[in-house]
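Engineer: The structure follows.
Each reported figure results from applying straightforward, stated rules to the coordinates on display, with no laboratory input. It should be emphasised that the depicted structure is a prediction, and the values quoted were computed from it without experimental measurement. Positions of Cβ are generated from backbone atoms using ideal geometry, with glycine treated the same way; all protein chains shown enter the neighbour counts.
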Amino acid sequence: AQKVTQAQTEISVVEKEDVTLDCVYETRDTTYYLFWYKQPPSGELVFLIRRNSFDEQNEISGRYSWNFQKSTSSFNFTITASQVVDSAVYFCALSEDNYGQNFVFGPGTRLSVLP
Amino acid sequence: NAGVTQTPKFQVLKTGQSMTLQCAQDMNHEYMSWYRQDPGMGLRLIHYSVGAGITDQGEVPNGYNVSRSTTEDFPLRLLSAAPSQTSVYFCASSYRTTGPYGYTFGSGTRLTVV
């Protein structure tokens, strides 16, 4: 069965610090998709990234970067030079198929960036 | 472009009442789904649909009913509300292949059952 673990329930950092959010997943499939979503205090869910299991290249988007390591089943998310606007709950998710019937979310990590 | 629209945004129900949460998308997405979000548990899949006329159960379907008569609409019905159904409900949609942007989520419906 697939599972997503986000061991960090809450993280607090001071503005401009770097912070890494951990995501560990379990799946028996060789083809799968990993996602990160952001949920700011306003409550909506914002797509951040999708990664295919056959693409292990790390990705950088501005202050955001993602480290995908199949060997450790991890898909960690780093925010560089954090800002107050980064305060949110971040969800890691796993899907084993294109339809998303088995789309499983982790419990989320609440990030607080203090001024 | 409205994306995924959920109504209502807030609702209070009494135990035993029934109601329908509405979800509509204007992106011609084949796939639609309903999730509930509870503290510390992430989002859990209730029901999903891969196209008009096709629905299936997710992880936590009990107490909920869905139908998909059109591509655009995917309502979620609570048959007899219970306090355990107090949650935030999200509707989501995506292209058949989940596209480059994964799901598009609605803004959520906060439901309280008293």
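Engineer: Give the average, rounded to an integer, of partner chain Cβ atoms located within 10 angstrom of each Cβ in B:28-39.
Structural biologist: 2
Engineer: How big is the charge dipole of chain A about its Cα centre, in debye rounded to the nearest 20, if each Lys and Arg gets +1 on its Cβ and each Asp and Glu gets -1 on its Cβ?
Structural biologist: The dipole magnitude comes to about 60 debye.
Engineer: Further, regarding this structure: Quick one: pull the percentage of alpha-carbon pairs in segment A:47-115 with a separation above 16 Å.
Structural biologist: That fraction is 55 percent.
Engineer: Also: At 0.36 nm per residue, minus the direct Cα-Cα distance, what do residue B:84 and residue B:19 gain on full extension? Give it in nm, one decimal, please.
Structural biologist: Using 0.36 nm per residue and subtracting the Cα-Cα distance, I get 21.9 nm.
Engineer: Oh, and also: Taking the Cα centre of the protein assembly as shown as origin, work out the dipole magnitude from +1 charges on Lys and Arg Cβ and -1 charges on Asp and Glu Cβ, in debye rounded to 20.
Structural biologist: Once rounded to the nearest 20, the dipole reads 540 debye.
Engineer: Just report the Cα centroid separation between segment B:71-90 and segment B:16-30, whole Å.
Structural biologist: Here the two parts' Cα centres lie 9 Å apart.
Engineer: Per-residue Cβ counts within 10 Å, from other chains only, averaged over A:43-50: what number is that?
Structural biologist: 6
Engineer: Could I ask something else about it? Give me the one-decimal Kirkwood hydrodynamic radius in Å for chain B, with the sum taken over alpha-carbon pairs.
Structural biologist: Averaging 1/r across every pair of different Cα atoms and inverting gives 14.0 Å.
Engineer: Another question, if that's okay. Using the Kirkwood radius built from alpha carbon pairs, what does the Stokes-Einstein equation give as D for the protein assembly as shown at 37 °C and 0.692 mPa s, in µm² per second?
Structural biologist: 181
Engineer: Continuing with this model, one more query. What net charge do the residues around residue B:63 carry, taking every other residue with its C-beta under 11 Å from that of residue B:63, with Lys and Arg at +1 and Asp and Glu at -1?
Structural biologist: Around residue B:63, the charge tally is +2.
Engineer: Just flag the chymotrypsin sites (Phe, Trp or Tyr not before Pro) in segment A:33-85 sitting in loop per DSSP whose Cβ has no more than 11 other Cβ atoms within 10 Å.
Structural biologist: Counting only loop positions with at most 11 other Cβ atoms within 10 Å, the chymotrypsin sites (Phe, Trp or Tyr not before Pro) in segment A:33-85 are A:54.
Engineer: Can you give the average number of partner chain beta-carbon atoms within 10 Å of each beta-carbon in peptide B:43-56, as a whole number?
Structural biologist: That average works out to 2.
Engineer: Oh, and also: With a ≥ b ≥ c the root eigenvalues of the C-alpha gyration tensor of segment A:6-61, is it rounded (a/c under 1.5), prolate (a/b larger than b/c) or oblate?
Structural biologist: Judged from the Cα gyration tensor, segment A:6-61 comes out prolate (a/c at least 1.5, a/b above b/c).
Engineer: Moving on. Which of the lysines could a cross-linker bridge to residue A:70, judged by Cα under 20 Å and excluding same-chain residues fewer than eight apart?
Structural biologist: Straight-line reach from residue A:70, under 20 Å: A:3.
Engineer: Here's another thing I want to ask about it. Farthest toward the dipole's positive end in the protein assembly as shown, which of B:15, A:62, A:91, given Cβ charges of +1 (Lys, Arg) and -1 (Asp, Glu) about the Cα centre?
Structural biologist: So the residue we want is B:15.
Engineer: What per residue convex hull volume, in Å³, comes out for chain A when only alpha-carbon positions are used?
Structural biologist: Looking at chain A, the number lands at 96 Å³ per residue.
Engineer: How big is the dipole moment of segment B:1-64 about its Cα centre under a simple scheme where the beta carbon of each Lys and Arg is +1, that of each Asp and Glu is -1, and everything else is neutral? Debye, nearest 20, please.
Structural biologist: 300
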